[in-house]
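One structure is given here, and the rest of the page talks about it.
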Amino acid sequence: MAEHEHEHVRVAVIGSGFGGLGAAVRLRREGVTDFVVLERAGSVGGTWRDNTYPGCACDVPSHLYSFSFAPNPEWPRTFSGQRHIRAYLEHVADVFRLRPHIRFDSEVKTMTWNAGRLCWDLETAAGSLSADFVVSATGPLSDPRIPDIPGLDTFPGKVFHSARWDHDHDLRGKRVAMVGTGASAIQIVPAVQPLAERLTLFQRTPPWVMPRVDRAITGAERLLHRRLPVTAQLRRGLLWGIRELQVQLFTKRPDELGLVEALAKRNMARSIKDPALRAKLTPDYRIGCKRILLSSEYYPALAEPNVDVVASGLSEVRGSTLVAADGTEAEADVIVFGTGFHVTDMPIADRVVGADGRTLAEAWAAGGAMEALRGASVPGFPNWMTVIGPNTGLGNSSMILMIESQLNYMADLVRQLRVLGGRVALDARPGAVRSWNRRVQERMKRTVWNTGCESWYLDANGRNSTIWPGTTAEFRRATRQVDLSEYEVLRTPAVRKAEVDA
Ligand SMILES: Cc1cc2nc3c(=O)[nH]c(=O)nc-3n(C[C@H](O)[C@H](O)[C@H](O)COP(=O)(O)OP(=O)(O)OC[C@H]3O[C@@H](n4cnc5c(N)ncnc54)[C@H](O)[C@@H]3O)c2cc1C
């Protein structure tokens, strides 16, 4: 406990998923070695450590869903499974010699801006420390959300969230209720359907589902990527380019998405022959406004005789009877919640206390929205940035692209602080944040995410504070360098006085 007390580091990175590990690699490359990675769990991997549900895999091809600086010629499948992605992140931690920096079981409880010393005071589960600069990479989808269902405590069976799968609980021969039809649920359903005696799916909103062209990457391909790394780069480039073109439809021409809807309907019709079931599964909103899900196994699983689709959300639990909002009842032994995460109420925001004594959550609530400068910095929270912050999410491409852009920005922030010299801090100017967000929201207006439907991308006020309304290349350009005019430079009073005296 006392081990890290009164310790000071140059940079504290919070989280050891793609964001935190990427930040650590980038800091080392910038010549910063005085940093720690604080992780609440006992191993690295974030999303890919926590989500172990059957069928868990990425839905962006592996050669794009990986770091550009750590290509992996050995990806076993076009869409690799959780086990392989987790192993990849463990490998990154080893190869880039990050282990000495990582502190497990060190959940950050609070971080408070110390205006006198221009640094952050952090309280963690393993003691306290201070840092000149904080990189918060706690993940956009790391705190599971279970809806408040009346009577859930009366359920006699097992209940768990998709991101906290209980592997000790055998689902064979059980009546399983799956609540939710998001990205995790559509991977879970085909994996659980063959085991369960009955599978009841509670569907509030049907997703649009396109086929997933998943296949083993052949030995010859892997050999080629190993021997000629440029071939892996070309593959990545192609995967990236296709998605950059696709995004134009979402951001600029949502009206033309009807063709894509027709393809998705054909995909459904191939497996779902029963017109009544097809009607239940057909979305009534524009494709793309929620993430388009990829699966070639979801619809075939739903067509199996041991599956019931309830086209209504779970609204009440009465013992082992689950009641949907439309009154449909089903008996279950196990409830699996595939109900997503706390996204628009970023949990870490309650734990960051800024210059005026308010938490980040309070500052955002007062401003009416979760917003940051270039997805990273917030006024009143100097020398603090978040990775995958507001409006950095993607609807159709790899989040690693966005993370790497944000790490370019982080590297430049750290560089600028070094150039400025002495005890110094950079605080985003409110005007710069407003102007950035005005532009983001202006572009958002005509995108499919704002015009197509209600989704978890929108906050309680209907504002889209999660998605980036452009291409990943545009975001990369916007975060390549820090524009110092967007920041106020803070100095400690002693230094300011010395400067005046001089
Ligand atoms: C099932 C699933 C599948 C996905 N598939 C894709 C995909 O195919 N393509 C894609 O682009 N994106 C996908 N995503 C999104 C995915 O979350 C991101 O791509 C990426 O993994 C996020 O990395 P991260 O490091 O920001 O967050 P995370 O991986 O969530 O890591 C955050 C880390 O911070 C730690 N942490 C949180 N709070 C604290 C605290 N207070 N103190 C200390 N540590 C803390 C957590 O324990 C965790 O290790 C998927 C998400 C899920 C849940």
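The values are calculated or read from the model by the stated rules, or taken from the named source; none is laboratory data. Everything quoted here is computed from the prediction, not taken from an experiment. Reconstructed Cβ throughout: ideal geometry from the backbone, glycine too, with neighbour counts over all protein chains shown. Each accessible area value is taken on the protein alone, full model and side chains, heavy atoms only, with ligands, DNA and RNA left out. Shrake-Rupley method; radii C 1.70, N 1.55, O 1.52, S 1.80 Å.
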message: Suppose every Lys and Arg Cβ carries +1 and every Asp and Glu Cβ carries -1, with no other charges. What dipole size does the chain come out with about its Cα centre, to the nearest 20 debye?
response: 1820 debye
message: Rg and Dmax in Å for the stretch 1-117, alpha carbons only: what are they?
response: 15.8, 53
- prompt: What's the angle, to the nearest 10 degrees (0 to 90), between helix 430-444's Cα axis and the longest principal axis of the chain?
  reply: 20 degrees
field: Anchor K265: lysines whose Cα lies under 26 Å away (excluding residues fewer than 8 positions away in-chain)
entry: K252, K273, K280, K290
field: the chain: antiparallel DSSP beta bridges as a percent of all, rounded to 5
entry: 45 percent
statement: A student applying the Cα gyration tensor rule (rounded when a/c is under 1.5; otherwise prolate if a/b is larger than b/c, oblate if not) would label the stretch 369-423 oblate
Dipole of the stretch 146-295, positive end: most advanced residue of L234, S271, G151 [Cβ charges, Cα centre]: L234
message: With +1 on the Cβ of every Lys and Arg and -1 on the Cβ of every Asp and Glu, and nothing else charged, how large is the dipole of the stretch 313-430 about its Cα centre, in debye rounded to the nearest 20?
response: 920 debye
- prompt: How far is the Cα center of the stretch 67-131 from the Cα center of the stretch 234-305, in Å?
  reply: 34 Å
- prompt: Can you give the Rg to Rh ratio of the chain, both from alpha-carbon atoms, with Rh computed by the Kirkwood formula?
  reply: 0.98
message: Run the reach check for K174 against lysines, Cα to Cα strictly under 22 Å, same-chain hits fewer than 8 apart removed. What comes back?
response: K158
statement: The set of cysteines in the chain having no other cysteine's C-beta under 4.7 Å reads C56, C58, C119
- request: Enter the accessible area per residue of the stretch 339-498 (Å², integer; probe 1.4 Å; all protein chains in place).
  value: 39 Å²
- request: Sort the following peptides by mean Cβ neighbour count (other Cβ atoms within 10 Å, averaged over residues), highest first: 403-415, 114-126.
  value: 403-415, 114-126
message: Going by average Cβ density within 10 Å per residue, which order do the peptides 24-31, 237-244, 55-62 take, highest to lowest?
response: 55-62, 24-31, 237-244
statement: Taking 0.36 nm per residue of separation between D121 and V213 and subtracting their Cα-Cα distance, the length gained on full extension comes to 28.3 nm
- request: Once you have a ≥ b ≥ c as the square roots of the Cα gyration tensor eigenvalues for the stretch 194-274, tell me rounded if a/c is under 1.5, and otherwise prolate or oblate according to whether a/b is larger than b/c.
  value: oblate
message: I need the Debye-formula profile for the stretch 144-245: one equal scatterer per C-alpha, no solvent, reported as log10 I(q)/I(0) at q = 0.17, 0.18 1/Å, two decimals.
response: -0.92, -0.96
field: Within the stretch 217-372: Cβ-based charge dipole about Cα centre, in debye rounded to nearest 20 (Lys, Arg +1; Asp, Glu -1)
entry: 1160 debye
- line: Result for the stretch 66-105: accessible area per residue, probe 1.4 angstrom, in square angstrom, of 48 Å²
task: Compute log10 of I(q)/I(0) for the stretch 226-315 with the Debye formula, placing one identical point scatterer on every Cα and leaving out solvent, at q = 0.11, 0.12, 0.24 Å⁻¹, to two decimals.
output: -0.48, -0.56, -1.23
message: For the stretch 184-229 and the stretch 1-55, what is the centre-to-centre distance using only Cα atoms, to the nearest Å?
response: 29 Å
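Roughly to the nearest percent, how much of the accessible area of the chain is carbon and sulfur, given a 1.4 Å probe?
On the way: 11210 of 21280 Å².
Of all accessible area on the chain, carbon and sulfur atoms account for 53 percent.
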statement: Per-residue ellipticity at 222 nm attributable to helices in the chain (runs of n ≥ 4 DSSP H, -39500 (n - 2.57) apiece, nearest 500 deg cm²/dmol) works out to -9500 deg cm²/dmol
statement: quick note, the stretch 67-222, DSSP beta bridge pairs, % antiparallel (nearest 5) is 70 percent
- request: With only alpha-carbon atoms counted, please give the Rg and Dmax of the stretch 88-128, in Å.
  value: 14.0, 42
field: Charge dipole of the chain about the Cα centre (unit charges at C-beta), most positive-ward option of V95, G219, Y457
entry: G219
